[in-house]
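Here the structure comes first, spelled out in structure tokens, and everything after it is commentary.
The values are calculated or read from the model by the stated rules, or taken from the named source; none is laboratory data. Given the structure is predicted, the values throughout are model-derived calculations rather than measurements. With ideal geometry, Cβ positions are generated from the backbone for all residues, glycine too; neighbour counts draw on all protein chains shown.
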Amino acid sequence: MVSIGIIGAGPAGIAAARVLIANDRSYDIDLFETSSKIGGVWNYDPQSNNTAMYDVLETNLSSHLMAFKDYPFTNIDPNIKTFPGREQVQQYLESYYDSTVANYSKLGLFTEKRVISLEKVDSHWELKADSDDSTYIYDYIVVANGHFNKPFIPTVPGSYQWKNQSHSKNFVNSEHYRGLNVVVVGNASSATDIATQISTTASKVYHSVKPDSETNWPANSIIEVVSQIQSLDEPNSNTVHFIDGTSIQNVDHIIWATGFQYGVPFLKSYHSDLFRNQSNRLYNLWEQIVYKPDPTIFFSLLPKNIIPFQLAELQASIIDLVILGSITKSDMVDADNESITSSDYHSLPTPKDIEYYQHLGSIVARHGPDSKFKPLTWTDSLVQERISSSKVKAERQKLLVQWAIHQNLQNKPYSIPPDDFTG
């Protein structure tokens, strides 16, 4: 009997389990989860600071675009908002798991078990967790531990001496920054969201972005766009210098919303082959999924700027076909783009992500026409919805900024605006 160990019970892990179960191969499947329940990054606990979530957070994707195949968000709430809050996403994931995975008779769910070691011994994988002395044996491994665990903070002169700084992973809510002068660093959505939130309580917010950024804030906001940080003065002076020659004094705190590095600490003996002294991309992977030297281990949801839930099911369909033998090593002939050493390799901004979904879909259709689980088909209407999704969210962001201005004037912390707020 084929046995499969899945490391991580977040969206990637439970989607892999769902697809493997739905295809009715009678696999023995175990899920290992560090926290007390499924959900991964969406399972938020402000006390443990175990995820990249924070108190008040809504999705960047619409609920329609974000949903797993044949499992709409309306399953948990017929009146679901266009951009659900993190609590609703966690509820949705639990509902999806309960409906598609939990009742499988050959499933094991091990919570509060952090995988600390994974080694290939002869023809099988030996897995060990930190909470017991057992050794778990598997034929195949799916690594679905996410990439929001290892914060990346760029090194600039003076940064090691600067005390009042943190990563966006440590952000909880706007109250922590009441009355402070704060610099938020980053070009992605987390920086924009955090700057918006703390503008309700901070004295002044400076949004530090790269020179080619098109970031703009309304004139009546307390947020000001500044250039990229060049250096930080000694802690006592609290001065930040920027590459355009300007400086800001009396900075109380810096928030680095500068992303995350990849990490698979339990695969120590494979680090040199997977990372090649890099921390922002993995090598030797066919289609960013299958480890080519040994296609008995797979990696889920490494790409960034994607629709994660749908992609997790699509990648799981590829994994299933490799395990089944319908995709063999001789089929894994892509170039792997070995020359791309930066995180750009895993970055798939639209329309690159659409091309990737369609490409994987064609592989599944070619090698697995008889598979019971059929991944989502990217129709023209879905493609157009994805292409326009950034504009839709940008309009939503404008409303959130106006709400933050409103809350600031009322001396109230950030919250999700009521449905009747129009700006």
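Can you name the number of the only condition in (1) free of Cβ contacts under 8 Å to residues at least 40 places away in the same chain; (2) closer than 21 Å to residue 155 by Cβ that residue 255 fails?
The one condition residue 255 does not meet is (1).
Could you pull out the residue among 132, 139 that is among the acidic types (Asp, Glu), in contact with a strand residue (DSSP E or B) (Cβ under 7 Å, 6 or more places away or on another chain) and in the same structural domain as residue 36 (by TED's automatic domain parsing)? First the steps, then the outcome.
Details: 132 fails: in contact with a strand residue (DSSP E or B) (Cβ under 7 Å, 6 or more places away or on another chain).
Answer to the check: 139.
Go through region 45-76 and report how many residues are of a type outside the set (Gly, Ala, Ser) and over 19 Å from residue 191 (Cβ atoms).
Of the residues in region 45-76, the ones of a type outside the set (Gly, Ala, Ser) are 45-47, 49-51, 53-61, 64-66, 68-76.
Narrowing the set further to residues that are over 19 Å from residue 191 (Cβ atoms) leaves 45-47, 50, 64-66, 68-76.
Of the residues in that region, 16 qualify.
Please state which of the following conditions residue 220 fails to meet, knowing it meets all the rest: (1) at pLDDT below 95; (2) more than 19 Å from residue 401 (Cα to Cα); (3) not acidic (Asp, Glu).
Here residue 220 meets the rest and fails (2).
Hey, can you tell me all the residues within region 3-35 that are within 15 Å of residue 323 (Cβ to Cβ) and of a type in the set (A, V, I, L, M)?
Across region 3-35, the qualifying residues are 4, 6, 16, 17, 19, 20, 21, 22, 29.
Per-residue answers, yes or no, for (1) modelled with pLDDT of 90 or more; (2) out of contact with any Leu (no Cβ under 7 Å at 6 or more places or on another chain):
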site: 265; (1), (2): yes, yes
site: 288; (1), (2): yes, no
site: 291; (1), (2): yes, no
site: 309; (1), (2): yes, yes
site: 316; (1), (2): yes, no
site: 322; (1), (2): yes, yes
site: 329; (1), (2): yes, yes
site: 340; (1), (2): no, yes
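Looking at 55, 45, 70, 77, can you tell me which residue is of a type outside the set (Ser, Thr, Tyr), in contact (Cβ under 8 Å) with a residue 40 or more places away in the chain and outside the structural domain of residue 191 (by TED's automatic domain parsing)?
Numbers: 45 fails: in contact (Cβ under 8 Å) with a residue 40 or more places away in the chain; 70 fails: in contact (Cβ under 8 Å) with a residue 40 or more places away in the chain; 77 fails: in contact (Cβ under 8 Å) with a residue 40 or more places away in the chain.
Just one listed residue meets the conditions, 55.
Look at region 125-149 and say how many of its residues are surrounded by 15 or more Cβ atoms within 10 Å (Cβ to Cβ), out of contact with any helix residue (DSSP H, G or I) (no Cβ under 7 Å at 6 or more places or on another chain) and touching a residue at least 60 places away in the same chain (Cβ under 8 Å).
Residues in region 125-149 being surrounded by 15 or more Cβ atoms within 10 Å (Cβ to Cβ), out of contact with any helix residue (DSSP H, G or I) (no Cβ under 7 Å at 6 or more places or on another chain) and touching a residue at least 60 places away in the same chain (Cβ under 8 Å): 11 in total.
Can you name the residue in region 92-101 that is assigned to a helix (DSSP H, G or I) and buried (at least 18 other Cβ atoms within 10 Å of the Cβ) and, of all such residues, is farthest from the chain's Cα centre (by Cα)? Write out each step before concluding.
Going residue by residue through region 92-101, those that are assigned to a helix (DSSP H, G or I) are 92-100.
Narrowing further to those that are buried (at least 18 other Cβ atoms within 10 Å of the Cβ): 92-94, 96-97, 100.
Values: 92: 17, 93: 15, 94: 18, 96: 18, 97: 19, 100: 22 Å.
Among them, the one singled out is 100.
Given (1) over 23 Å from residue 261 (Cβ atoms); (2) touching a residue at least 12 places away in the same chain (Cβ under 8 Å); (3) surrounded by fewer than 18 Cβ atoms within 10 Å (Cβ to Cβ), identify the lone condition not met by residue 284.
(1)
Give the residues of region 153-171 that are exposed (fewer than 14 other Cβ atoms within 10 Å of the Cβ) and in contact (Cβ under 8 Å) with a residue 60 or more places away in the chain, sorted by residue number.
Filtering region 153-171 down to residues exposed (fewer than 14 other Cβ atoms within 10 Å of the Cβ) leaves 154-155, 157, 160-161, 163-164.
154, 157, 161, 163, 164 - these are the residues of region 153-171 that are exposed (fewer than 14 other Cβ atoms within 10 Å of the Cβ) and in contact (Cβ under 8 Å) with a residue 60 or more places away in the chain.
Give region 66-90 a look and list any residue that's assigned to a helix (DSSP H, G or I), surrounded by fewer than 18 Cβ atoms within 10 Å (Cβ to Cβ) and not hydroxyl-bearing (Ser, Thr, Tyr), or say none. Walk me through it before giving the result.
Initially, region 66-90 is screened for residues assigned to a helix (DSSP H, G or I), giving 66, 73-75, 86-90.
Among the residues that remain, those that are also surrounded by fewer than 18 Cβ atoms within 10 Å (Cβ to Cβ) are: 74-75, 87.
Within region 66-90, 75, 87 meet the criteria.
How about region 274-284: which of its residues are at pLDDT 90 or above, part of a loop (DSSP other than H, G, I, E, B) and out of contact with any Pro (no Cβ under 8 Å at 6 or more places or on another chain)?
282, 283
Under the condition of being over 20 Å from the mean Cα position of the chain (by Cα) and over 20 Å from residue 117 (Cβ atoms), which residue from region 263-281 is surrounded by the most Cβ atoms within 10 Å (Cβ to Cβ)?
Per the criteria, the residue is 276.
Looking at 198, 223, 229, 243, can you tell me which residue is surrounded by fewer than 19 Cβ atoms within 10 Å (Cβ to Cβ), touching a residue at least 24 places away in the same chain (Cβ under 8 Å) and outside the structural domain of residue 329 (by TED's automatic domain parsing)? Explain how you work it out, then say what you get.
Numbers: 198 fails: surrounded by fewer than 19 Cβ atoms within 10 Å (Cβ to Cβ); 223 fails: surrounded by fewer than 19 Cβ atoms within 10 Å (Cβ to Cβ); 229 fails: surrounded by fewer than 19 Cβ atoms within 10 Å (Cβ to Cβ).
From the options 198, 223, 229, 243, the qualifying one is 243.
Considering (1) at pLDDT below 95; (2) farther than 30 Å from residue 396 by Cα, say which one residue 46 fails and leave the rest.
(2)
Mind checking whether some residue in region 82-100 is of a type in the set (Gly, Ala, Ser) and closer than 18 Å to residue 6 by Cα?
Initial filter on region 82-100 (of a type in the set (Gly, Ala, Ser)): 85, 95, 99.
Next, only the ones that are closer than 18 Å to residue 6 by Cα stay: none.
Taking every residue of region 82-100 in turn, none turns out to be of a type in the set (Gly, Ala, Ser) and closer than 18 Å to residue 6 by Cα.
Of the conditions (1) more than 30 Å from residue 119 (Cβ to Cβ); (2) part of a loop (DSSP other than H, G, I, E, B); (3) of a type in the set (Phe, Trp, Tyr), residue 148 satisfies every one except a single condition; which number is it?
(1)
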